[in-house]
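One structure is given here, and the rest of the page talks about it.
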Amino acid sequence: MLVLGGVRSGKSRYAEGLAGNHRGPVTVLATGTAGDAEMERRIALHRARRPAAWAVVEEPLDLAGALEHCDAAGGLVLIECLTLWLTNLLCDPEPERLARERARLLAAWPTLRGDVIAVSNEVGLGIVPANALARRFMDEAGELHQALAAQSDQVVTLMAGLPLKLKGA
């Protein structure tokens, strides 16, 4: 499942609620890194909301590898979030790594045995940014979302905390 929405749209709480209803084990695959105090606060809020029984794996770059490692029949992996992962790869000193890691993720996605909920920011609804890196980020995120949506059974977007089902039951 792919859960999209803008900043503070309620997408993470929605995804956490779905994960909380899952009958099997839940693993959070966290891609964010605390580079400043504001990000540290965001990460702390997410940690405080999670049940203690959920496993947490922090992996900022090798999402496909971590996802394959955490995948288990009957389990659920909550990816939080794809756009932070994308940002990490855009900032990586090896320019080719983004394309390689995206291809690995898209190849792994349909082979997973357990359930996956991937959270990501929808960034393509606003104005086109003035700088090249921001435009590339927006383009890369849009292409990633389209590719994952095509492979996902369910896609939901959130606005003002309200889910709108785009694909699936």
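What follows draws every value from the coordinates through simple rules; no lab data is involved. All values derive from a computational prediction rather than experimental measurement. Reconstructed Cβ throughout: ideal geometry from the backbone, glycine too, with neighbour counts over all protein chains shown.
Values computed for the structure shown
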| item | result |
| --- | --- |
| Matching label, Cα Rg over 2.2 N^0.38 Å computed from the structure shown, candidates [x] 0.98; [y] 1.06; [z] 1.62 | [x] |
| Placed amide H near Val56: partners under 5 Å, 5+ positions off or other chain | Val28 |
| Euclidean distance between Cα centres, the stretch 103-169 to the stretch 1-61, Å | 16 Å |
| Cα gyration tensor shape for the stretch 23-106, rounded if a/c is under 1.5, else prolate or oblate | oblate |
| Gain in span if fully extended, Val57 to Arg41, counting 0.36 nm per residue against the direct Cα distance | 3.9 nm |
| Charge dipole (the chain, unit charges on Cβ, about Cα centre) - positive-most of Ala37, Leu86, Pro163 | Pro163 |
| Residue order, fewest to most surrounding Cβ atoms within 10 angstrom, among Leu112, Leu162 | Leu162, Leu112 |
| Per DSSP, loop trypsin sites (Lys or Arg not before Pro) in the stretch 93-169 with at most 14 further Cβ within 10 Å | Arg113 |
| Spin-label proximity, Leu166 to the stretch 73-87 - amide N less than 15 Å from point 7 Å beyond Cα toward beta carbon | 82-83 |
| Of the trypsin sites (Lys or Arg not before Pro) in the stretch 23-84, those whose Cβ has at most 14 other Cβ within 10 Å and which sit in DSSP loop | Arg23 |
| Cα-centred dipole magnitude for the chain, charges only on beta-carbon of K, R (+1) and D, E (-1), debye, nearest 20 | 600 debye |
| Cα lying deepest toward the dipole's positive end in the stretch 2-167, options Leu98, Cys70, Gly20, charges on Cβ | Gly20 |
